[in-house]
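Report on the structure given below.
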Amino acid sequence: MVETSKESLSIQDLGLIYQTSAGPIEALRGVSLDVRDGEFISIIGPSGCGKSSLLKLVLGLQDATRGEIRIAGVPVKGPSRNAGGVFQSPVLLPWRTILENVLLPVDVMKIDRKTAMDRANELLKLVGLGGFETRYPFELSGGMQQRAAIVRALVHDPRLLIMDEPFAALDALTREQLSAEVQRLWLESGKTIVFITHSINEAVFLSDRIIVMSARPGRIVAEYKNPFPRPRTFADMGSPELASLMIDIRESLDRASAT
Amino acid sequence: MSTMIDDSAPPEAALRPLASSRFGRIGEALGYLAGLLLFWEAVVYLLDVPPYVFPAPRAVATSLWQGLSSGTFFYHLGVTLFEVLIGFVAGSLIGLLLGIGMVTVPFLNRVLYPYVIAIQTVPKVAIAPLMIVWFGFGVQSKIILVAMACMFPVLVNTIAGLRSTDSDRLSLVRAMCGSRLQVLRYVQLPSALPYIFAGLNTGVVLAIIGAIVGEFVGARVGIGVLILQANFALDLATVFALLVVLSATGVLLNGAMHLVERRVCFWSGRSSK
Ligand SMILES: Nc1ncnc2c1ncn2[C@@H]1O[C@H](COP(=O)(O)OP(=O)(O)O)[C@@H](O)[C@H]1O
Ligand SMILES: [Mg+2]
């Protein structure tokens, strides 16, 4: 436990097989990954390669067939307070206001609402949702709903934030804005973030490290470092380093999808 | 709501927004009702139909006025309403709790489901005499009949609602270390509310039927008793007047349910995925 304490997230030889009526489906095979405390990594891979399954395993929503996951050194045996998750859709509860939605983990985990309230309001302001606290989700745009979902995942102050294609349902412009906001959140909070995406652009813009996964059964086939200094801007994406990195990832992803 | 008036349109079109407004629609409905009553009165008068076969609207109105102004209708309606409301609340609560129990505890589901179906398939009219024997001519037997009538739709809809909760919502609360009970409280029950209200809306109607059936089979007071008495006396005008009272009550209860539903499920039907 002492030697792994530097790792916020540690995945060892993870395998997952779904038993279905049509026979077993091997979703993940031999996935090993260490994520440093405070690191931002992206996982990119073809559709159906087991990315969402990986998120469910990390969040303790289902059990792996083999291997082990540790968050801050503690083996994952079920849901943990050390991790916060953001799904592809915001999954806001329509009967709760934005503030109440954001405070849902506080209610469920029985954290004192008064102390959490300050943090919630501060985070809401940080993502540009100040003034929308008493609105209902259906009164907000998709981008604003997803911002609220990110705040909700952070409100109980977990070490690790894992996001599963959080911008997939949004338009290109909103995606860019939200990427910039996620970068700012990350810079200001120092969280460890695992970002699952389909977009090479987003992965490169945001990450210290980009992990490429193969088609099913999902394996890690390549890994790219991105030491480009922060804060990054979208103009930086045109720089030679980042442009060539994107091409490399593109090629690797094409090979991964072909197999 | 379209309230645009196009100057170039013919005059009939300019009247449209009025007819489509709320008052316009009510006025329209009242107009049709007046027409129907007139036609009815004319047929009874022209064909000289005897009042013990089919009463004229004016005779019904007179009976209705007498019943209401003397307080007789209100007294009996009060008793029937009491049976309906108490039975409805009790039956709905039992249906709701049973539904929650059967969804959360698979064992309960296996044990209870056959009995619930068995009880439901027996017509309430067939059980009514038994209830009178066991619980007497007073309100208790009616309350039990009403409760049995409205329990089932609430139960079935509660089960359907709880089971159809979006799996992402379940994962959400489970990922927050939520217990089974917290998942139920924070997402399953609220998500099921539109279903539960569908059950309650059906339940209200069945509750009135249950109370009247109970009063037909054996009671001393209640609208059902008045209907039977008037029927025996061939006083069909009073029977019709009582039917008017009953349907007005049904419409009001139904309206009240919808009002509550709109307050509680204000979010229903608005997408926020
Ligand atoms: N609950 C499940 N039961 C059976 N098969 C599943 C289940 N969830 C996912 N799968 C299968 O596992 C594979 C990986 O799915 P998923 O993790 O959703 O991939 P991704 O998010 O990368 O698109 C897919 O082929 C999918 O059909
Ligand atoms: Mg996915």
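The values are calculated or read from the model by the stated rules, or taken from the named source; none is laboratory data. Remember, it's a predicted structure, so these values are computed and weren't measured experimentally. When we count neighbours, we look across all protein chains shown, and the Cβ atoms used for this are built from the backbone with ideal geometry, even at glycine. Please note that ligands, DNA and RNA were not included when accessible areas were found on the heavy atoms of the full protein model with its side chains. Shrake-Rupley method; radii C 1.70, N 1.55, O 1.52, S 1.80 Å.
Residues that are in contact with a helix residue (DSSP H, G or I) (Cβ under 8 Å, 6 or more places away or on another chain) and either of a type in the set (Ser, Thr, Tyr) or more than 19 Å from residue A:151 (Cβ to Cβ) (or both) within region A:177-195 comprise A:179, A:189, listed in sequence order.
Do we find that residue A:149 is within 16 Å of ligand 2 (Cβ to nearest atom) and either at the interface with chain B (Cβ under 9 Å from one of its Cβ atoms) or not charged (D, E, K, R) (or both) in this structure? Against the criterion (within 16 Å of ligand 2 (Cβ to nearest atom) and either at the interface with chain B (Cβ under 9 Å from one of its Cβ atoms) or not charged (D, E, K, R) (or both)), residue A:149 qualifies.
Based on what the data block shows, is residue A:43 β-branched (Val, Ile, Thr), assigned to a strand (DSSP E or B), at pLDDT 90 or above and over 13 Å from the mean Cα position of the chain (by Cα)? Here the answer is no, as residue A:43 does not meet what is asked. Across region A:141-163, not a single residue is classified as polar (S, T, N, Q), within 16 Å of ligand 1 (Cβ to nearest atom) and buried (at least 17 other Cβ atoms within 10 Å of the Cβ).
For the criterion of being more than 13 Å from ligand 2 (Cβ to nearest atom) and open to solvent by less than 50 Å² (accessible area, probe 1.4 Å), residue A:89 fails.
Take the conditions more than 16 Å from ligand 2 (Cβ to nearest atom) and modelled with pLDDT under 90 and apply them to residue A:177. Does it pass? Taking the combined requirement at face value, the residue satisfies it. Taken across region A:123-136, residues that are within 14 Å of another protein chain (Cβ to nearest Cβ), buried (at least 16 other Cβ atoms within 10 Å of the Cβ) and closer than 18 Å to residue A:55 by Cα do not occur at all. Scanning region A:221-250 for residues being in contact (Cβ under 8 Å) with a residue 24 or more places away in the chain, in a strand (DSSP E or B) and open to solvent by 50 Å² or more (accessible area, probe 1.4 Å) gives a total of 1.
If I filter region A:211-220 for residues that are within 14 Å of the chain's Cα centre (by Cα) and open to solvent by less than 40 Å² (accessible area, probe 1.4 Å), do I get at least one hit? Within region A:211-220, one or more residues are within 14 Å of the chain's Cα centre (by Cα) and open to solvent by less than 40 Å² (accessible area, probe 1.4 Å).
Residues checked against (1) without any contact (Cβ under 8 Å) to a residue 24 or more places away in the chain; (2) within 12 Å of chain A (Cβ to nearest Cβ); (3) hydroxyl-bearing (Ser, Thr, Tyr):
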{"site": "B:124", "(1), (2), (3)": "no, no, no"}
{"site": "B:132", "(1), (2), (3)": "no, no, no"}
{"site": "B:171", "(1), (2), (3)": "yes, yes, yes"}
{"site": "B:175", "(1), (2), (3)": "yes, yes, no"}
{"site": "B:179", "(1), (2), (3)": "yes, yes, yes"}
{"site": "B:197", "(1), (2), (3)": "no, no, no"}
{"site": "B:204", "(1), (2), (3)": "no, no, no"}
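Pairs linking a residue in region B:223-237 that is outside any helix (DSSP H, G or I) to a residue that is surrounded by 19 or more Cβ atoms within 10 Å (Cβ to Cβ) and at pLDDT below 95, with Cβ atoms under 9 Å and 6 or more positions apart or on different chains, are B:235/B:55; B:235/B:63.
Do we find that residue A:82 is polar (S, T, N, Q) and under 15 Å from the mean Cα position of the chain (by Cα) in this structure? Answer is yes for this residue.
Within region A:181-208, the only residue that satisfies the criterion of being among the hydroxyl-bearing types (Ser, Thr, Tyr), buried (at least 19 other Cβ atoms within 10 Å of the Cβ) and within 16 Å of ligand 2 (Cβ to nearest atom) is A:197. Pairing residues of region A:183-199 that are closer than 14 Å to residue A:166 by Cβ with residues that are charged (D, E, K, R) and part of a helix (DSSP H, G or I), at Cβ distances under 6 Å and at least 6 apart in sequence or on separate chains, gives A:196/A:51. Can you tell me which residue in region A:98-121 is nearest to the other protein chains (Cβ to nearest Cβ), limited to those that are open to solvent by less than 70 Å² (accessible area, probe 1.4 Å) and not in a helix (DSSP H, G or I)? Only one residue fits best here, namely A:109.
Of the residues making up region A:164-180, those that are within 16 Å of ligand 1 (Cβ to nearest atom) and either over 22 Å from residue A:96 (Cβ atoms) or buried (at least 17 other Cβ atoms within 10 Å of the Cβ) (or both) are A:164, A:165, A:166, A:167, A:168.
Selection of helices (runs of 4 or more DSSP H) fully inside region B:56-123 by the criterion of at least 2 residues being open to solvent by less than 40 Å² (accessible area, probe 1.4 Å) and closer than 24 Å to residue B:247 by Cβ returns B:57-70, B:72-104. Considering only residues in region B:241-259 that are in contact (Cβ under 8 Å) with a residue 24 or more places away in the chain and among the aliphatic types (A, V, I, L, M), the one that is nearest to residue B:190 (Cα to Cα) turns out to be B:257. Quick one: how many residues across region A:29-54 are surrounded by 15 or more Cβ atoms within 10 Å (Cβ to Cβ) and either within 8 Å of ligand 1 (Cβ to nearest atom) or without any contact (Cβ under 8 Å) to a residue 40 or more places away in the chain (or both)? Residues in region A:29-54 being surrounded by 15 or more Cβ atoms within 10 Å (Cβ to Cβ) and either within 8 Å of ligand 1 (Cβ to nearest atom) or without any contact (Cβ under 8 Å) to a residue 40 or more places away in the chain (or both): 9 in total. Residue-level analysis places residue A:196 among those that are within 16 Å of ligand 1 (Cβ to nearest atom), within 23 Å of residue A:56 (Cβ to Cβ) and out of contact with any Phe, Trp or Tyr (no Cβ under 9 Å at 6 or more places or on another chain). Annotation: of all residues in region A:5-15 being open to solvent by less than 70 Å² (accessible area, probe 1.4 Å) and either over 20 Å from residue A:80 (Cα atoms) or small (Gly, Ala, Ser) (or both), the one that is farthest from ligand 1 (Cβ to nearest atom) is A:8.
Of all positions in region A:76-83, none carries a residue that is in contact with a strand residue (DSSP E or B) (Cβ under 8 Å, 6 or more places away or on another chain), more than 14 Å from chain B (Cβ to nearest Cβ) and more than 9 Å from ligand 1 (Cβ to nearest atom). Counting only residues that are surrounded by 23 or more Cβ atoms within 10 Å (Cβ to Cβ) and either under 17 Å from residue B:173 (Cα atoms) or within 16 Å of ligand 2 (Cβ to nearest atom) (or both), region A:59-70 holds 1 of them.
Screening A:129, A:170 for residues that are within 16 Å of ligand 2 (Cβ to nearest atom) and outside any helix (DSSP H, G or I) leaves exactly one candidate, A:170.
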